[in-house]
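> Before we start, here is the structure in question, set down as structure tokens.
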Amino acid sequence: MADFVQKTVVKSAVRKLAAPIENVTAFNTIVLSVVTDNPFACTAYESAGVNHAPVEKTKENYVAKVVYQDNDAKSVGSDSAKFNTVAGFNAGATALLDNTTLATAHGGTPVRDTNKETYSATLKCHDASGEIYMVTFGRESVSITSYSDDAIRTRVETWADTVPALA
């Protein structure tokens, strides 16, 4: 029988943040800065006849959390909603807070639980070498996946070192 022969070495790396990114605005600012400023020196490319930007946002998830409190500030219920854009997240969080039917059903006053809200965005990056890799930002970590050249990790890490929220 023939053996499988390894052809590439695909790596992943994770940076755990010292503190969660403060809010969705700060999170979105960091993600958009990578897309618009291209700090990893990525290059545009064509695949299957489609032109691609050097850095593309491929996935986003934002989860709003609300707790309902009685008159003694005791939690009597909770709600969460998941959105695929920051605009949807902001509008949805407001809608949850303004929904009197839900507040009545829970028997309490709605309050945002921002410390438990989560955010995630994945960027597809095309390295000048031709390698495509992903950078995923979470509220508590940043990961690089599907890369083989350690210079990619070094570029991302060097940039992340300049962003205080990613310490």
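The values are calculated or read from the model by the stated rules, or taken from the named source; none is laboratory data. Fair warning: this is a prediction, and the values are worked out from it, not measured in the lab. Reconstructed Cβ throughout: ideal geometry from the backbone, glycine too, with neighbour counts over all protein chains shown.
> Scanning for something part of a strand (DSSP E or B), hydroxyl-bearing (S, T, Y) and either closer than 30 Å to V76 by Cα or in contact with a His (Cβ under 8 Å, 6 or more places away or on another chain) (or both), does the stretch 120-142 turn up at least one residue?
Scanning the stretch 120-142 turns up at least one residue that is part of a strand (DSSP E or B), hydroxyl-bearing (S, T, Y) and either closer than 30 Å to V76 by Cα or in contact with a His (Cβ under 8 Å, 6 or more places away or on another chain) (or both).
> Also: Taking into account only those residues within the stretch 1-45 that are of a type in the set (D, E, K, R) and over 14 Å from L166 (Cβ atoms), which is surrounded by the most Cβ atoms within 10 Å (Cβ to Cβ)?
Within the stretch 1-45, the match that is surrounded by the most Cβ atoms within 10 Å (Cβ to Cβ) is K11.
> Moving on. Taking the stated definitions as given, is Y62 in contact with a strand residue (DSSP E or B) (Cβ under 8 Å, 6 or more places away or on another chain), under 17 Å from I30 (Cα atoms) and not charged (D, E, K, R)?
yes
> Here is a further query. Taking the condition of being closer than 30 Å to K124 by Cβ and without any contact (Cβ under 8 Å) to a residue 12 or more places away in the chain, how many residues in the stretch 56-113 meet it?
Matching residues across the stretch 56-113 total 2.
> When you scan the stretch 1-113 for helices (runs of 4 or more DSSP H) that lie fully inside it, which ones turn up with 3 or more residues that are more than 21 Å from S141 (Cβ to Cβ)?
86-98, 100-106
> Can you tell which of A64, A105 is more than 23 Å from the chain's Cα centre (by Cα), of a type outside the set (D, E) and modelled with pLDDT of 95 or more?
Exactly one residue qualifies, and that residue is A105.
> Same structure again: With the condition kept exactly as written, say whether any residue in the stretch 38-47 is touching a Cys at 6+ places or on another chain (Cβ under 8 Å), modelled with pLDDT of 95 or more, farther than 30 Å from A105 by Cα and not small (G, A, S).
Yes, because at least one residue in the stretch 38-47 is touching a Cys at 6+ places or on another chain (Cβ under 8 Å), modelled with pLDDT of 95 or more, farther than 30 Å from A105 by Cα and not small (G, A, S).
> Now a separate question. Can you tell me which residue in the stretch 119-161 is farthest from S80 (Cα to Cα), limited to those that are over 17 Å from the mean Cα position of the chain (by Cα) and basic (K, R)?
Checking each candidate, the answer is R155.
> Please tell me if A73 is among the hydrophobic types (A, V, I, L, M, F, W, C) and touching an Asp or Glu at 6+ places or on another chain (Cβ under 8 Å).
no
> Among residues belonging to the stretch 46-85 that are surrounded by fewer than 17 Cβ atoms within 10 Å (Cβ to Cβ) and of a type in the set (V, I, T), point out the one that is nearest to L102 (Cα to Cα).
Here the residue is V76.
> What number of residues in the stretch 120-149 are of a type in the set (D, E, K, R) and without any contact (Cβ under 8 Å) to a residue 24 or more places away in the chain?
2
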